[in-house]
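The values are calculated or read from the model by the stated rules, or taken from the named source; none is laboratory data. Treat the numbers as computed from the prediction; the structure is a model and nothing was measured. All Cβ positions, even for glycine, are placed from backbone atoms using ideal geometry, and neighbour counts span all protein chains on display. When the accessible area is computed, the model is the full protein with side chains, heavy atoms only, and any ligands, DNA or RNA have been set aside. Shrake-Rupley method; radii C 1.70, N 1.55, O 1.52, S 1.80 Å.
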Amino acid sequence: MTTTTETLDTGTERARAVEIDQVSKVFGEGPGALTAIDGMSVSVRAHEFVALVGASGCGKSTLLSLVAGLTHPTGGTVDVGGHRVAMMFQEASLFPWLTVGANIEIPMRVNGVPKARRKERVAELLDLVRLSGFARKRPHQLSGGMRQRVALARALAQDADVLLMDEPFGALDAMTRDILHDEIERIWRERSLTVMLVTHNVREAVRLGDRVILLSSRPGRVIEEFTVEEERPRRIDSARIASRAAEITDRLRAEVSRHAG
Amino acid sequence: MPDDPNVRDRHLRGLDALETAAPSGTDRPTAWRAAARVWAATWPKLAAVVLVVLVWQVVVWSGWRPVYVLPGPDRVLPRLFTELSSAEFWGALGVTMRRALAGFALALAAGVTVGLAVSRFAPLRVAIGSLITGLQTMPSIVWFPIAMLLYGISESAIMFVIILGAAPSIAGGLTSGIDYVSPQLLRAGRAMGLRGVQRYTLLIVPAALPMFVTGLKQGWAFAWRSLMAGELLVVIDQQHSLGWALSQARQFNDAEGLLAYVIVVLCVGVLIDVFFERADRTIRHRWGVTAS
């Protein structure tokens, strides 16, 4: 494991936001049981951007569901230390019958935020994701990238400081994806979020992550961690990002080849 | 440099504009366009009506049946307008529509209750799920003998049959609507902490709405048919309804009256169907599932 040498916070040990300790998750029982995650330990510091990469079957999505509290581990513990956790998916998953503004209001309605305050927050969040003036549109009137930005605004409306992202850029075209990388990086900094990003895309992971955690498949385990020291803002097409990504990709390919049988 | 926030902002806004230009360009109907749309939707219907009337008249002229059995539109349409200007006609229509609405409202309540219960409790679904589907295919007229035994010659007998006819379709529409709520939306809902009553009011019920409306539409068709059958079979003398008028006309061999009332029944059916069609289209438009 590589120890972190990050100096953003002038050496002070920062608080842990997410502590995943020896977690296992088994689906089903008996001979047909499937071990999705086996003894995985990951700890994420507050305000850190961690990217998790792995091939299919590495339990990435299961891991995020565990952190979000949507499922419970079979073994080990997941501790989010009282942080509020929000989640984004590959599909924006907006409610098609609601306007953009009403979609962003949903988490606030769950939390019982009064109506006037909700309207203010919607305007502020739309401004943050640069979609001011789109509150009255419906999701189907927006492009895929815009829908993901609405989904981001909706996630932030939960007042969460830990953001889990399950391949949120996977379904977007390259140009939109690059711009959204810039956007998520900006918002992560402005809001001091802690982000756990799951992706298939190694370059994306290196572009965005303070750390890249490489996972094995079937079952999912942590193989190796890489610290990305490249200064921000980064460019996905810069030579240093590319060479770092190549290094991790080689490691990932070796892991995938192991399953050739 | 792409790192400059202003450059980035322009880049982002440019992409947004490019990707949304097409829909916003076609989405603004002017008054003229709206009129053109109404006309485009209306003239084929008018043409169809004219064609039917023509064919009808030709059949009458052919002498296939004597005119006192099959009168032509030249006799029936004036009779229809005389009826329309009589107070008795509006009274009869009022009685029928009151029954239709009351019956449909009761069927709605019953259908929603059963539909929610079935989608909520798995054993109940196993127990009566296929029964609901079976009931949808029952010809409602089958229920009348038993309804008349239970309630006598009364409005309750008619209501009983309307509910049995319409409620299964409404319940079926609701359960399949709930079944087909996208799992991804349910997942997103859970991630946002939607649970309990809010899960239903904010997510499941609106997501199930399109199929529910389809169920309502079908339920209405069954309710209307059951009501007409009921009014012909269960003739309550003090209450003059459309069905009563039809059976009167038959008893007095009043073919013109019969046909005039058939046209009225048809028109009411079409009007209500147009209403449901509108509701259906509005919902689809909002959901973004229309092609146009």
Discussion item. Output needed: percent of Cα pairs per 10 Å distance bin for segment A:157-261, bins running from 0 to the one holding the longest distance.
Written reply: 13, 45, 33, 8, 1
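Taking a 1.4 Å probe, which of B:267, A:58 shows the most accessible area, and what order do the others take after it?
Working: B:267 70, A:58 0 Å².
So, going from the largest accessible area down, we get B:267, A:58.
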Worksheet, complete the sentence: Averaged over the residues of B:182-191, the number of partner chain Cβ atoms within 10 Å of each residue's own Cβ comes to 6
Worksheet, complete the sentence: Taking every residue of B:199-207, the Cβ atoms of other protein chains inside 10 Å of its Cβ average out to 2
Practice prompt. For residue A:120 and residue A:34, calculate 0.36 nm times their separation in residues minus their Cα-Cα distance, and state this gained length in nm to one decimal.
Written response: 26.3 nm
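For the protein assembly as shown, what is the accessible area per residue in Å², given a 1.4 Å probe and the full set of protein chains?
Dividing the accessible area of the protein assembly as shown by its residue count gives 51 Å².
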Worksheet, complete the sentence: Candidates B:33, B:99, B:281; GNM for chain B (alpha-carbon contacts under 10 Å) flags as most fluctuating B:33
Fill in: Point-to-point label distance, residue B:65-residue B:32, nm (Cα→Cβ direction, 7 Å offset)
5.0
Worksheet entry | Kirkwood Rh and Cα Rg combined as Rg over Rh, evaluated for segment B:82-139 | 1.29
Practice prompt. Rounded to whole Å and ordered largest first, report the semi-axes of the equivalent ellipsoid of segment A:114-168 derived from its Cα gyration tensor (root of 5λ).
Written response: 18, 17, 8
Item to complete: Please build a GNM for chain A, connecting alpha carbons under 10 Å apart, and tell me which residue among A:238, A:192, A:61 fluctuates the most.
Response: A:238
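Would you mind putting A:217-226, B:59-68 in packing order, based on average other-beta-carbon counts within 10 Å, highest first?
Numbers: A:217-226: 18.6, B:59-68: 11.7.
Packing order, densest peptide first, comes out as A:217-226, B:59-68.
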Worksheet entry | For segment A:205-212, 3J(HN,Hα) per residue [Karplus equation, 6.51 cos²θ - 1.76 cosθ + 1.60, θ = phi - 60°, Hz, x = Gly/Pro] | 4, 6, 4, 9, x, 6, 9, 10
Worksheet item: Between chains B and A, what is the buried accessible area summed over both chains (1.4 Å probe, protein heavy atoms, nearest 100 Å²)?
Response: 3300
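Which whole-number percent gives the relative contact order of chain A, counting Cα pairs below 8 Å spaced six or more residues apart? Mind showing how you got there, number by number?
Numbers: 482 pairs, mean separation 69.3, N = 261.
The value is 27 percent.
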Response to the item:
Between residue A:52 and residues 5 or more places away or on another chain, the pairs with built amide H atoms under 5 Å apart involve A:197, A:198, A:199, A:213
Worksheet, complete the sentence: In whole angstrom, the spacing between the Cα centers of segment A:184-205 and segment A:150-171 equals 10
Worksheet, complete the sentence: Non-local residues with an amide H under 5 Å from the amide H of residue A:74, with H modelled 1.01 Å from N and Pro and chain starts lacking one, are A:24, A:25, A:26
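Based on alpha-carbon atoms only, what is the radius of gyration of segment B:12-111 relative to the globular estimate 2.2 N^0.38 Å? Display every interim value, and only then the final one.
Working: Rg = 24.6 Å, N = 100, 2.2 N^0.38 = 12.7 Å.
Relative to the 2.2 N^0.38 Å estimate, segment B:12-111 comes out at 1.94.
Would you work out the relative contact order for chain B, in percent, from Cα pairs under 8 angstrom that are 6 or more residues apart? Please list the in-between numbers first.
On the way: 265 pairs, mean separation 61.0, N = 292.
Relative contact order, chain B: 21 percent.
Taking a ≥ b ≥ c as the square roots of the eigenvalues of the Cα gyration tensor of segment B:122-228, is the shape rounded (a/c under 1.5), prolate (a/b larger than b/c) or oblate?
Here segment B:122-228 falls in the prolate category.
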Worksheet item: Based on the Kirkwood radius over alpha-carbon pairs, what is the Stokes-Einstein translational diffusion coefficient of segment B:157-205 at 25 °C with 0.890 mPa s viscosity, in µm²/s?
Response: 195
Discussion item. So if the hydrodynamic radius of chain B is defined as the Kirkwood radius over C-alpha pairs, what does Stokes-Einstein give as its diffusion coefficient at 20 °C and 1.002 mPa s, in µm² per second?
Written reply: 92
Worksheet item: What list of ³J(HN,Hα) couplings, whole Hz, do you get for segment A:24-33 from phi and the Karplus terms 6.51, -1.76, 1.60, once you set θ to phi - 60° and write x for glycine and proline?
Response: 10, 9, 10, 9, x, 9, x, x, x, 5
Discussion item. Taking amide H atoms as placed 1.01 Å from N in the peptide plane, list the residues 5 or more away in sequence, or in a different chain, whose amide H sits under 5 Å from that of residue A:220.
Written reply: A:37, A:38
Worksheet entry | Surface/4 of the Cα convex hull for chain A, nm² | 15.2
Worksheet item: Residues of A:86-95, mean number of Cβ from any other protein chain within 10 Å of their own Cβ, rounded to a whole number?
Response: 4
Worksheet item: So what J values fall out for segment B:103-111 if you push phi through Karplus, 6.51 cos²θ - 1.76 cosθ + 1.60 with θ = phi - 60°, rounded to Hz, Gly and Pro as x?
Response: x, 5, 4, 5, 5, 4, 4, 5, x
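Based solely on its DSSP helices, what 222 nm [θ] is calculated for the protein assembly as shown when runs of n ≥ 4 H residues each add -39,500 (n - 2.57) and the sum is averaged over all residues, nearest 500 deg cm²/dmol? Walk me through the numbers on the way to the answer.
On the way: 18 runs with 318 residues, N = 553.
Calculated from helices alone, the mean residue ellipticity at 222 nm is -19500 deg cm²/dmol.
Measure off, as a whole percent, the carbon and sulfur share of the 1.4 Å-probe accessible area of the protein assembly as shown, all protein chains present. Please report the intermediate quantities before stating the final value.
Working: 17080 of 28130 Å².
Carbon-and-sulfur percentage of accessible area, whole number: 61.
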Fill in: Cα Rg over Rh - the protein assembly as shown, Kirkwood
1.13
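Please state, rounded to one decimal and in Å, the Kirkwood hydrodynamic radius that segment A:5-154 gives when every pair of distinct Cα atoms enters the mean of 1/r.
Details: mean 1/r = 0.0556 Å⁻¹.
Kirkwood radius, segment A:5-154: 18.0 Å.
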